[in-house]
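Let me begin by presenting the structure, written as structure tokens, before commenting on it.
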Amino acid sequence: MKNVNVVLGAFYGDEGKGKVIDYLSKEAKYAVRFSGGNNAGHTIEVDGKKFAFHLLPSGILNRNIKAILGNGVVIDPKVLIEEINNLQANGYDCKNLYISDKAHVILPYHIILDGLLEEIRGGKKIGTTKRGIGPAYCDKFERSGIRMEDFISPNFKEMLKTNITNKNVILKAYKQPKLKFADVYKEYKEYAKILKKYVCDTTSMLHKAIKNNENILCEGAQATLLDIDFGSYPYVTSSNPTIGGVSTGTGIGAKYIGEVYGVIKAYSSRVGEGPYVTEQINEIGDTIRELGHEYGTTTKRPRRCGWLDLVALNYAIMVNGLTGIAMNHLDTVGKLDKIKLCVAYKYKGKVTTDFRTNMDFLYNSEAVYEEFDGNFGDISNCKTFDELPENAKKYVNRIEELTGTPIKFIGTGAGRENIIVR
Ligand code: IMP
């Protein structure tokens, strides 16, 4: 039995990964984030209290779990401290938090540059969250990034000075005000003091857990089509939210990984710019947005909404090796009279089921749909697949048939308990 399980977004993010993570956390001893930063966002409700996280693994609310920010994550110390403070104010001591010594730090120049680069892109902007994610990963790969182990050590001062000197050259070229080293250092060295106690070698920690046969849950952020390699480049995030990111972002090799669940919604959504074949810029899209409360947790932006796309889903199944699907919001599509399911694309007059990330292909493909009856009624109390109404079963069965992948979790309502586990 392999005891490392993974939950990934299968489409463009915001699939509601939190719900299935929450369910699987019951078995887990470790919850690990392996990529991205505070560009992610999820809201979790415990005992009537709502917590909005951008950075912390959602497993942190379970006191029996060790919550890890892996080496593949980029960390804005200010945001992390805010999240820790908020939890502590609500009775969670956060003693179960561990931060990889190899995770990179997001610094003020990353955030300034993220906004500036978007401005320069003008009409071709990516629609980033402006949290400094892309520029932080750029520095990591350019080898000028500051890792947590340096951030909490005396090395931080010199490293920061060099980086600010270099970034000021860029800021000057763009006629932006310079950053003052002394100010940034004064503020961030205090953050480093607070975070120091959480920093450790999380990779060896995880391997000890594997040896002890303890269950590890890797929590994906963002999603497959936002992957820097496999997504709709350049309209992607700057990391690998796909399966490979689990290994590079934690130090856990592929042989330890068991179940890989891809999360989808029974419809689809996207935030930011970029192609989206099944998008509904019409009354249907507006209705789905309102029924599904599709507004960003991180940026509050209204999400673009549309139908579920099996061409894209089959691609996500392929590149991640998904062993199962978790489908949220079956109740939401069930409120519509008719539901459409994209089963193929039509590109230059030819019908295809092969997904490609090429921009010309994605912008010029037209969705080929099958239509299903909606009006499921209230399904929030259904606890088994058999209890679902026929129309709902038909929709789910057809998705399984066309993907060859079991739908193991079905979201039937907003609450944590509204889930069918198969
Ligand atoms: P960045 O990750 O802030 O650089 O943004 C790059 C793209 O990824 C933009 O289109 C964002 O809207 C999108 N993005 C980043 N994080 C998330 C997420 O957690 N959910 C959905 N979209 C995201």
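Per residue, the accessible area of segment 19-58 comes to 37 Å², computed with a 1.4 Å probe over protein heavy atoms only.
Under the criterion of Cα pairs below 8 Å and six or more residues apart, the relative contact order for segment 104-195 equals 27 percent. Look at the alpha carbon pairs under 8 Å that are at least 6 residues apart: their mean separation over the length of segment 264-421 gives a relative contact order of 25 percent.
When the solvent-accessible area of segment 279-422 is split by element, carbon and sulfur atoms take up 49 percent of it, the probe being 1.4 Å.
For segment 218-267, carbon and sulfur atoms together expose 57% of the accessible surface, with a 1.4 angstrom probe and every protein chain in place.
The convex hull defined by the C-alpha atoms of segment 208-334 has an orientation-averaged projected area of 8.7 nm². Over the chain, DSSP H runs of length four or greater, each weighted -39,500 (n - 2.57), average out per residue to a 222 nm ellipticity of -10500 deg cm²/dmol. Structural descriptor for the chain: relative contact order 19 percent, calculated from alpha carbon pairs under 8 angstrom and at least 6 residues apart. Gyration tensor analysis over the Cα atoms of the chain returns equivalent ellipsoid semi-axes of 36, 26, 19 Å (largest first, whole Å). With a simple spin-label model that places each label point 7 Å from the Cα along the Cα-to-Cβ direction, the separation between K78 and F385 comes to 4.9 nm. Element breakdown for segment 104-195 at a 1.4 angstrom probe: carbon and sulfur atoms account for 57% of the accessible area.
For the chain, DSSP calls about 45 percent of its internal beta bridges antiparallel. Selection among G334, G274, Y345 by position relative to the dipole of the chain gives G274 as farthest towards the positive end (Cβ unit charges, Cα centre). Solvent-accessible area per residue for segment 264-421 at a 1.4 Å probe radius, Å²? Heavy-atom accessible area per residue stands at 44 Å². Here is the list for segment 127-199: chymotrypsin sites (Phe, Trp or Tyr not before Pro) lying in DSSP coil, each with at most 15 other C-beta atoms within 10 angstrom of its C-beta, are Y174.
The residues of segment 104-195 expose on average 56 square angstrom of accessible surface per residue, using a 1.4 Å probe on protein heavy atoms.
Which parts of segment 122-138 would a label at T165 reach, counting a residue when its backbone N lies under 18 Å from a point 7 Å out along Cα-to-Cβ? None, by backbone N distance to the label point.
Greater than 31 Å separation of Cα atoms is the criterion. Which listed pairs, K124/K300; K66/K394; K29/K49; K50/K157; K140/K348; K66/K340, meet it? From the list (K124/K300; K66/K394; K29/K49; K50/K157; K140/K348; K66/K340), the Cα-Cα distance tops 31 Å for K66/K394; K50/K157; K140/K348; K66/K340.
The values are calculated or read from the model by the stated rules, or taken from the named source; none is laboratory data. Everything numeric here is computed off the predicted structure, so don't read it as measured data. All Cβ positions, glycine included, derive from the backbone under ideal geometry; neighbour counts span all protein chains shown. In case anyone asks, the SASA skips ligands and DNA or RNA and just uses the protein heavy atoms, side chains included. Shrake-Rupley method; radii C 1.70, N 1.55, O 1.52, S 1.80 Å.
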